[in-house]
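Below is one structure; the comments refer to it alone.
Since every read-out is calculated from the coordinates, none of them should be taken as a lab result. What you see is a predicted model; the values in this text were computed from it and never measured. Every residue, glycine among them, receives a Cβ derived from its backbone with ideal geometry; neighbour counts consider all protein chains shown.
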Amino acid sequence: MNGVLEFPSVKPQESDTEVLHIFVNQTIQENKASVIQLLSALNKPGLNYIVESITYKLMTLILADKSKEHMLEYISSGTYYKLTQLLIEGFLADPDIISSIPKRA
């Protein structure tokens, strides 16, 4: 992964704000090369598996330095789930990633 950005310091009740979307867009830009590289290396379609694997790794890295209380707050408020879904959807919709999917013979 090229980079893990600092998890946005939004309160859970603000999780539907633009801050989360900006964070997702920046994270996708920083890490889409990893998705494209894995797609090329595997040389077969497996986009969902690759995107989900990278997203879950990113989420682990994003929360690695958070306290137990912060993690519980983000999980119980739905922010963790929302961020995970936004990242997956964003990677799957990225035109550069879509165009790099190997074609089936």
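Structural remarks
- Qualifying residue in segment 48-58 (condition: of a type in the set (D, E, K, R) and within 10 Å of the chain's Cα centre (by Cα)): yes
- The helices (runs of 4 or more DSSP H) found wholly in segment 51-105 and carrying at least 3 residues that are within 15 Å of N31 (Cβ to Cβ) occupy 79-93.
- Selection status of T27, surrounded by 14 or more Cβ atoms within 10 Å (Cβ to Cβ) and either part of a loop (DSSP other than H, G, I, E, B) or within 14 Å of the chain's Cα centre (by Cα) (or both): yes
- In segment 63-78, the residues that are surrounded by fewer than 10 Cβ atoms within 10 Å (Cβ to Cβ) and of a type in the set (D, E): D65, E69
- Those residues of segment 36-73 which are within 12 Å of I101 (Cα to Cα) and among the polar types (S, T, N, Q), in sequence order: Q37, S40, N43, N48
- Looking only at segment 79-105, and only at residues there that are in contact with a helix residue (DSSP H, G or I) (Cβ under 7 Å, 6 or more places away or on another chain) and small (G, A, S), the one that is surrounded by the most Cβ atoms within 10 Å (Cβ to Cβ): G90
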